[in-house]
Amino acid sequence: VQLVESGGGLVQAGGSLRLSCVASGRAFSAYTMGWFRQAPGKEREFVAHINGNGGMTYHVDSVKGRFTISRDNAKNTVYLRMNMLKPEDTAVYYCAAFRGGNIYDIHSYDTWGQGTQVTVSS
């Protein structure tokens with residue numbers, strides 16, 4: 001599978017964005033997917049995770065209540081809806097395909113997109 005993210009941009013604090021990650025290849029619904037982010041000078045960190053049929057999701061505490069991961073398997077797409085954005089959400093956001101293991105660990109994911117920049121101004 002190959003992944004392409006889009007939807008990033010510059011937004012004021014309190015604003016919203018929806019990121020998309022389109023997957024090519026077959027059997028997309030078989031993949032558990034994750035979103036990560038990497039701020040300048042920091043390590044890539046886990047944001048959210050969704051299973052193949054979309055029935056199970058998990059969000060890191062820092063984004064709970066503000067971000068929502070979802071997917072549309074008919075469109076081979078996973079989304080990250082981001083509301084009430086804060087300057088500390090500024091980062092490059094990546095989607096990735098989970099291969100198993102610890103969902104927080106980047107090494108548990110074996111396919112990554114190129115990333116999309118999100119910048120939140122104060």
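The values are calculated or read from the model by the stated rules, or taken from the named source; none is laboratory data. Quantities reported herein were computed from a predicted structural model and do not represent experimental measurements. Glycine also receives a Cβ, built like all others from the backbone with ideal geometry; neighbour counts cover every protein chain displayed. Heavy atoms of the whole protein, side chains included, go into the accessibility calculation; ligands, DNA and RNA do not. Shrake-Rupley method; radii C 1.70, N 1.55, O 1.52, S 1.80 Å.
Listed here are the residues, each with its yes/no results for (1) within 14 Å of residue 63 (Cα to Cα); (2) open to solvent by less than 30 Å² (accessible area, probe 1.4 Å).
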{"residue": "85", "(1), (2)": "yes, yes"}
{"residue": "97", "(1), (2)": "no, yes"}
{"residue": "103", "(1), (2)": "no, no"}
{"residue": "107", "(1), (2)": "no, no"}
{"residue": "115", "(1), (2)": "no, yes"}
{"residue": "119", "(1), (2)": "no, no"}
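Only residues that are without any contact (Cβ under 8 Å) to a residue 40 or more places away in the chain, assigned to a strand (DSSP E or B) and either more than 20 Å from residue 118 (Cα to Cα) or open to solvent by 40 Å² or more (accessible area, probe 1.4 Å) (or both) were counted across region 58-70, and they come to 2. Condition check for residue 52 on (1) open to solvent by less than 50 Å² (accessible area, probe 1.4 Å); (2) in a loop (DSSP other than H, G, I, E, B); (3) out of contact with any helix residue (DSSP H, G or I) (no Cβ under 6 Å at 6 or more places or on another chain): one failure, at (3).
If only residues of region 13-49 that are over 11 Å from the mean Cα position of the chain (by Cα) and under 17 Å from residue 84 (Cα atoms) are counted, the one that is surrounded by the most Cβ atoms within 10 Å (Cβ to Cβ) is 17. Every condition in (1) under 27 Å from residue 122 (Cα atoms); (2) at pLDDT below 95; (3) part of a strand (DSSP E or B) holds for residue 40 except the one numbered (3).
Here residue 23 meets each of (1) in contact with a Lys or Arg (Cβ under 6 Å, 6 or more places away or on another chain); (2) assigned to a strand (DSSP E or B); (3) of a type in the set (Gly, Ala, Ser) with one exception, condition (1).
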